[in-house]
Amino acid sequence: HFYYDISSFNAYRGAMKVDDLARRTNAEVKYTPFLIGGFFKALVPDITVNVPTPKGSFTLYGPVAWMRSLTVSWDSPVWDFNDKFQAVNVKEREMIPLERNLAGGAPAVHAMRLCAAAPDAQKRDICHAVLEAYHVKSLDMTPVNLAPIAASLEPSLDIACLQTKEAKQGLVNATKQALHAGVVGAPTFIVQGLGANSSAPQQTFFGVDRMPLMELLLGKASKAEIEREYRLRLVTESVESENKRQRQRVVYYHDICSPWSYFILTQLQALKEAGNTDIHLVPVNMAAIQEAHGINPGAEKAAIPNKKLYLRQELDLWVEWFGVPQLPKRHADVAPLDRPVQRVLRAALHLCIVRPELTYPLYAAMWINNADLSSLDDLARVVAAAGHSEEEARQIVEQALHDTKASDQLDKNTRKVIELGATTTPIVEVEGSECIVQCDHSNPLGVYVVEDYLCGWRLPPGTKRAGIFG
């Protein structure tokens with residue numbers, strides 16, 4: 001089941017790929033439209049969205065903490081990426097025609113009513129036609145522009161009927177059905193009939209970046225074959241061999257509280273061991289980054305129960321993809337941290353600054369050994385296990401906690417990534433290049449872009465320095 005809203009750029013990407021995935025895995029695809037605005041309205045009734053204009057900005061307003069009023073300038077690194085970097089990356093990596101439609105214009109609700117009203121046998125063709133009009137031809141979704149698409153239906157559909165109560169209610173019903181089915185956002189894929197390939201009869205995948213995971217779960221191809229199919233690596237063997245002669249440095253902004261910081265560090269470590277990459281570890285405060293953007297993950301998960309459930313289940317799939325030890329179950333649904341625990345975890349980040357050699361033991365304690373890091377004594381035990389006496393370990397932890405230089409450096413590191421436009425951790429920068437990639441759950445395959453940069457792939461000349469914050 002492919003749940004989509006045509007205004008979603010990632011839903012467009014998913015629609016361009018899902019039929020090929022179904023063919024390779026002997027699956028069937030059901031195209032199911034829903035209105036993303038109505039989806040969020042059902043969860044947070046007071047939410048409003050001010051659509052962007054070409055030279056302005058957009059603002060989200062909401063009554064809950066995770067949707068606190070947040071205005072983003074089109075000149076920020078976020079939009080520099082969204083308008084330029086990702087467009088280039090998609091065209092080259094995914095071979096998908098693209099002319100981003102970010103100019104606002106007529107709401108997409110008319111197009112979504114058309115998609116909902118189409119007969120089941122034509123829902124796929126109508127979806128593709130509307131997506132092409134919106135994302136390739138960059139047309140506004142006005143009744144005039146939609147009329148030729150409606151006329152192509154068998155039987156044809158009078159575009160005027162989209163203003164009827166029946167057409168409006170049809171889209172409302174489709175959106176309610178998506179919410180009930182467990183949709184997280186656009187696009188969402190819900191795979192049914194997994195049988196022996198899975199411990200559950202169905203599995204949800206949120207976002208086009210999860211399609212390789214979906215194909216791996218369906219069991220028709222190896223990970224290496226899937227990486228080739230999705231063009232996750234663009235470089236050739238000759239380019240890779242040539243560039244391995246030059247050592248390059250990766251700056252890694254991380255927080256040990258983040259499971260994604262752990263995932264991506266394991267992948268960067270493999271690149272380091274390959275012999276052409278140095279890693280410079282830069283601790284940052286993830287909570288402070290999110291707070292600067294008005295993000296409250298706990299409140300967001302509470303407002304969107306489907307997302308809370310999905311993110312809890314998804315970590316196990318990424319464990320398999322990245323080939324890392326199973327995460328402790330207690331980390332699957334982390335509650336908001338109280339102040340004493342925040343104090344301890346800040347001390348851990350200070351340790352990463354003053355004693356970088358303790359970074360890996362701290363990650364192992366948090367994400368492999370299921371260690372309790374809720375007190376300074378817990379930190380001291382990790383330090384002692386790394387080769388210090390118990391007394392030395394306690395002194396090291398106490399000194400790190402009260403180290404003002406380490407505290408200032410942590411705040412400086414954090415401010416830097418906030419200014420870059422990052423919204424969480426980790427962030428990977430290939431030093432001396434335009435490549436800055438945020439590799440969290442919103443961009444889980446960004447580490448492949450980093451690998452391509454290290455092996456010689458570059459953006460076209462003239463592209464501004466930007467980051468993948470998607």
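Coordinate-derived values only; no laboratory data. A quick note: this is a predicted structure, and the numbers were derived from the prediction, not measured.
Things to note:
- Taking N as the residue count of region 376-444, its C-alpha radius of gyration divided by 2.2 N^0.38 Å amounts to 1.51.
- Which listed pairs, of Lys176/Lys307; Lys41/Lys307; Lys123/Lys165; Lys41/Lys165; Lys220/Lys308; Lys17/Lys272, have C-alpha distances above 22 Å, in listed order: Lys220/Lys308; Lys17/Lys272
- Percent RCO, i.e. relative contact order, over region 107-181, from Cα pairs under 8 Å lying at least 6 residues apart: 37 percent
- Extension gain for Ala270 to Gln177 (0.36 nm times residue separation, less C-alpha to C-alpha distance): 29.1 nm.
- Distances between placed amide hydrogens fall under 5 Å for Arg231 paired with no residue 5 or more residues away or on another chain.
- Once C-alpha pairs closer than 8 Å and six or more residues apart are averaged by separation and normalised to the residue number of region 119-223, the relative contact order reads 13 percent.
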